[in-house]
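Notes to accompany the following structure.
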Amino acid sequence: MNKFTKTLACAGLVVVLGTTSLAGCGKSLDGTKIAATCGDDKITLGTANMMLRMTQAQMASYYSMFGGSTAGIWDQEGEDGKTYGENTKDDMMDQIHNMVLLKQHAKDYDVTITEDEQKKIEEAAKKFMDDNDAETIAKLAVSQSDIETILEFYTYQEKMYDPMTADVDTNVEDSEAAQSKITVCQISTAGTQDEEGKTVELTDEEKQAKKDQAQAVLDKINAQEDPAAADMDALAKEVDENLTASTKTFGSDDTALDDKLKEAVKYLTDGQVAPEVIEGEDAYYVARMDATFDEDATQSKKESIITERKQEAYNDLLKEWGKDTKIDVDKKVWKKVTLTDSDSYTFKQPETTDTGDTGAADTGDTNTGDTGAADTGDTNTGDTGAADTGDTNTGDTGASDTDNTDAANAE
């Protein structure tokens, strides 16, 4: 969980915390209580609660972006008998554990927070406290010190990834990453659903009609002067306007492509069209091998393999450190925090959308672009740069943007 929890800017760049709009009436919390201890580090309830609420707000933002809502999600029970809200709380403590471990092991890699970075952290924390009213701050049970702690966590996280993965082997042979590219017209033979949601399988006659369509597409391709360069999508639409064709890349370890399709095309040469309609698991296919070795797709796969290697090395280190330094959660204190549907948190969108290009974080631009942001939803992040505040979205990173003073208001 928690790819959604994109949070704060760090590492000497801009440090901006998204403002929050709160609704509901949560319980009064004492943020100074110690919620967890990890080695010499003590995590206050204010720090843990604030991180949890940012996760909750980011989830709401994510769902809203796709036209959905988190309504009802937090109280849903999983197979383990816990609600989604309870499991999210458990995940948050795992994330906090990793954050503390990164901070504690920073000295192993000569990683520190500079005076300039610390100053920006303090300024950003103060701005958050100033921008939010007393009711909101009380509801979050958060102090400036808590905000500074969170910003320090994400700063260490951003700085630690590269040195922790520096020794990872970045050499990937072509044989390991090789990708082929095909163009495919897929005609589904999967059943349809009736009004009651039950699957109705196609009749033999309906399946034959689908196969005839596929054969018609294949015939049109073969009738072209140069089948290797034929526009399969356009030809498919001549048979039926609802048909499409698209390119796909795949490797030997690909599990997304129909096995029967993979088997049928693996002996084709560049530009060769499969001589027959391919009957797959739930579809008929017309396929052409565009490139048995696609350089761009292979390079992309190599980069993906390197990223996976680094992520695995990063995860392994955290697991190793976690065995030596476990986190002790005060269940009585942490239990006071509830994540339910009756208490919702969302990022408040700033009113001003044009801050100009001053090298400052633009909290009004809802498109972050590529800021090299650390994705704090998953504590195992490889991004290096500023953390993306989610829907409050930092754009151009530079100095802290103090023009936007929209505060979080309790509704």
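The values are calculated or read from the model by the stated rules, or taken from the named source; none is laboratory data. Keep in mind the model is a prediction, meaning the values are calculated, not measured. Cβ sites come from the backbone with ideal geometry, for glycine too, and all protein chains shown count toward neighbours. For accessibility, only protein heavy atoms count, side chains too; no ligands or nucleic acids. Shrake-Rupley method; radii C 1.70, N 1.55, O 1.52, S 1.80 Å.
Anything in region 82-112 that is on the phi > 0 side of the Ramachandran plot and among the hydroxyl-bearing types (S, T, Y)? List them, or say none.
Listed by number, the list is empty, since nothing qualifies.
Looking only at residues in region 126-140 that are in contact (Cβ under 8 Å) with a residue 60 or more places away in the chain, out of contact with any strand residue (DSSP E or B) (no Cβ under 9 Å at 6 or more places or on another chain) and open to solvent by less than 60 Å² (accessible area, probe 1.4 Å), which one is nearest to K336 (Cα to Cα)?
Here the residue is F128.
Yes/no per residue for (1) at pLDDT 95 or above; (2) surrounded by fewer than 20 Cβ atoms within 10 Å (Cβ to Cβ); (3) under 30 Å from L218 (Cβ atoms):
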{"site": "T249", "(1), (2), (3)": "yes, yes, yes"}
{"site": "E281", "(1), (2), (3)": "no, yes, yes"}
{"site": "E303", "(1), (2), (3)": "yes, yes, no"}
{"site": "D316", "(1), (2), (3)": "yes, yes, no"}
{"site": "V329", "(1), (2), (3)": "yes, no, no"}
{"site": "D343", "(1), (2), (3)": "no, yes, no"}
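Scan region 36-62 residue by residue and report those that are open to solvent by 20 Å² or more (accessible area, probe 1.4 Å) and charged (D, E, K, R).
Result: D40, D41, K42.
Could you tell me which of the residues D116, D94 is farther than 22 Å from M164 by Cβ, modelled with pLDDT of 95 or more and surrounded by fewer than 18 Cβ atoms within 10 Å (Cβ to Cβ)?
Criteria check complete, one pass: D116.
Do you know which of the residues in region 318-327 that are outside any helix (DSSP H, G or I) and not hydroxyl-bearing (S, T, Y) is surrounded by the most Cβ atoms within 10 Å (Cβ to Cβ)?
I327
For every residue, the table says whether it meets (1) modelled with pLDDT under 85; (2) in contact with a strand residue (DSSP E or B) (Cβ under 9 Å, 6 or more places away or on another chain); (3) open to solvent by 40 Å² or more (accessible area, probe 1.4 Å).
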position: L22; (1), (2), (3): yes, yes, no
position: G31; (1), (2), (3): no, yes, no
position: I34; (1), (2), (3): no, yes, yes
position: S64; (1), (2), (3): yes, yes, yes
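Restricting attention to region 251-267, which residues are modelled with pLDDT under 95 and of a type in the set (K, R)?
Residue satisfying the conditions is K266 alone.
Could you please find all residues in region 235-244 being assigned to a loop (DSSP other than H, G, I, E, B) and open to solvent by 20 Å² or more (accessible area, probe 1.4 Å)?
Once the filter is applied, which keeps residues that are assigned to a loop (DSSP other than H, G, I, E, B) and open to solvent by 20 Å² or more (accessible area, probe 1.4 Å), region 235-244 yields D240, E241, N242, T244.
Would you mention how many residues in region 141-150 are buried (at least 21 other Cβ atoms within 10 Å of the Cβ) and outside any helix (DSSP H, G or I)?
2
Within the bounds of region 202-221, is there any residue that is within 30 Å of Q311 (Cα to Cα) and either β-branched (V, I, T) or modelled with pLDDT of 95 or more (or both)?
Checking region 202-221: not a single residue is within 30 Å of Q311 (Cα to Cα) and either β-branched (V, I, T) or modelled with pLDDT of 95 or more (or both).
Among the residues of region 287-301, are any more than 30 Å from D167 (Cβ to Cβ), open to solvent by 80 Å² or more (accessible area, probe 1.4 Å) and out of contact with any strand residue (DSSP E or B) (no Cβ under 8 Å at 6 or more places or on another chain)?
No, that holds for no residue.
Going by what's in this entry, would D270 be described as open to solvent by 30 Å² or more (accessible area, probe 1.4 Å), closer than 14 Å to T247 by Cβ, at pLDDT 95 or above and not in a loop (DSSP other than H, G, I, E, B)?
The answer is no for D270.
Filter region 181-234 down to the residues that are open to solvent by less than 70 Å² (accessible area, probe 1.4 Å), in contact (Cβ under 8 Å) with a residue 60 or more places away in the chain and outside any helix (DSSP H, G or I) and list them by number.
Hits for region 181-234 are K181, I182, T183, V184, C185, I187, S188, T189, A190.
Against the definition (buried (at least 19 other Cβ atoms within 10 Å of the Cβ), within 27 Å of the chain's Cα centre (by Cα), assigned to a helix (DSSP H, G or I) and at pLDDT below 95), how does F153 come out, yes or no?
no
Among the listed residues I187, I150, I121, I113, identify the single one that is farther than 28 Å from L318 by Cβ and of a type outside the set (F, W, Y).
I187
Those residues that are in contact with a strand residue (DSSP E or B) (Cβ under 9 Å, 6 or more places away or on another chain) and closer than 15 Å to M92 by Cα, I need them from region 325-335; list them, please.
Selection gives K326, I327, D328, V329, D330, V333, W334.
Pairs under 9 Å by beta carbon, first residue over 19 Å from T114 (Cα atoms) in region 158-176, partner open to solvent by 40 Å² or more (accessible area, probe 1.4 Å) and hydrophobic (A, V, I, L, M, F, W, C), six or more apart or different chains?
D174/F293
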